[in-house]
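Shown next, in structure tokens, is the structure this report addresses.
The values are calculated or read from the model by the stated rules, or taken from the named source; none is laboratory data. Model, not experiment: these values are computed from the prediction. All Cβ positions, even for glycine, are placed from backbone atoms using ideal geometry, and neighbour counts span all protein chains on display. Side chains are part of the model used for accessible areas, which takes the heavy atoms of the whole protein and leaves out ligands, DNA and RNA. Shrake-Rupley method; radii C 1.70, N 1.55, O 1.52, S 1.80 Å.
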Amino acid sequence: MAEVQQWKIAKIPPIVQELAAGVEEPPSQYVVQEQDRPAVAASEMPEPIPVVDLSRLSACSSDAGAGELAKLRSALDNWGLFLAVGHGIEPSFLGEVMKMTTEFYALPLEEKQKYSNLVNGKEFRIEGYGNDMVVSEKQILDWCDRFYLIVEPESRRVHSLWPTQPPPFRDVLCEYTVRCREIAGIVLTSSAKLLGLREDYFVSMLDEYAMTYARFNYYPRCPRPEHVLGLKPHSDGSVITVVAVDDTVSGLQLLSHGVWYDVPIVPNALLINVGDAIEIMSNGFFRSPVHRVVTNSAKERVSLAMFYTLDPEREIEPAPELVDDEKRPRRYAKTKTKNYITGLFETFARGTRFIDTVKISE
Ligand SMILES: O=C(O)CCC(=O)C(=O)O
Ligand SMILES: [Fe+2]
């Protein structure tokens, strides 16, 4: 059994879903500083986030494929994310995935606590159900609960943490994992092409030791949405992330040139963003987008993010093909994936970005 990182925590945060059911004002530990508060309306986008059809992307030798690849380039150059359609997952199955997420959170607290992310009730580990890792008394907490599971490789699944309720959960998650991996493969093949790398450059790194984490997010209604954040600004530590979002309520926002924009809802589309690992491997040609989630007072929201990360023992570093000592020197130091992920959780709790600690230059 591989070692599992655990952290001593400063305090045990409440489950926000329980808290939200009984308060009229968010407690002070959720209230963000004045300058970090979300505006009621986000700015209008200077240009829409591209919607990329993955079925066309895979037909890359055709004209349609070339056009779609150009859209992907524009999405990754300008935003670091895009909305994917033609991804092959039927709307009814995507509906099941969202339904089981909602149903999991609707279970009684004692049922969910069986999968707690606290070991012996006091040490934090990444996997499991719960809340923020609290590293300091002053930490501002996110208005959300989350449930992390390692879904790949299969040998790393901790079956005791896989819920037995709602009944379809395990089978649906297994199937969804297979489907999402195909999607990740298509996007990573095209991304390598855009960078002038061997087509399988990234895909071959997602080998049998590479870890995929599923994170189920639950954002309860908040009586004061303008005072809290569902999820604080961050970038993902993954190579890429595939997110299924609630298509009845928005909340995800993206930072670009200092301005926050709402990511629109496109029914049955998946949201795909590049993560820090690809920013580093691309030597900064692709940027991992900073995003956050805002809440609302009318409706709860759920999402499911699948984070594709490398073998924990593998180094993350710029592809040698994209480093040129004269024209484009190496911009990031190398870090072992497991250290990157550990560091990411610690910096996330502090509200900073781990990628800044490995940057050599802008
Ligand atoms: O809930 C969302 O839309 C995004 C979630 C997210 O950014 C994450 O889980 O890292
Ligand atoms: Fe994220």
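Results, tabulated for the structure shown:
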quantity: Accessible area of the chain belonging to carbon and sulfur atoms, whole % at 1.4 Å probe; calculated: 52
quantity: Cα gyration tensor category, rounded, prolate or oblate, for segment 2-104 with a/c compared to 1.5; calculated: prolate
quantity: Cα shape, segment 63-107, gyration tensor, a/c 1.5 rule; calculated: oblate
quantity: Cα-based Rg of the chain normalised by 2.2 N^0.38 Å, two decimals; calculated: 0.95
quantity: 18 Å tail of the calculated P(r), segment 163-251, as % of Cα pairs; calculated: 61
quantity: Candidate lysines for bridging to K193, where Cα separation is under 17 Å - those fewer than 8 sequence places away on the same chain excluded; calculated: K71
quantity: Surface per residue (accessible, 1.4 Å probe) for segment 84-176, Å²; calculated: 42
quantity: Relative contact order for the chain, counting Cα pairs under 8 Å that sit 6 or more residues apart, in percent; calculated: 21
quantity: Nearest-10 value in Å² for the accessible area of E346, using the 1.4 Å probe; calculated: 60
quantity: On Cα atoms only, tilt of 63-78 relative to the major axis of the chain in degrees; calculated: 60
quantity: Sum of side-chain charges, G230 neighbourhood, beta-carbon under 11 Å (Lys, Arg +1; Asp, Glu -1); calculated: +2
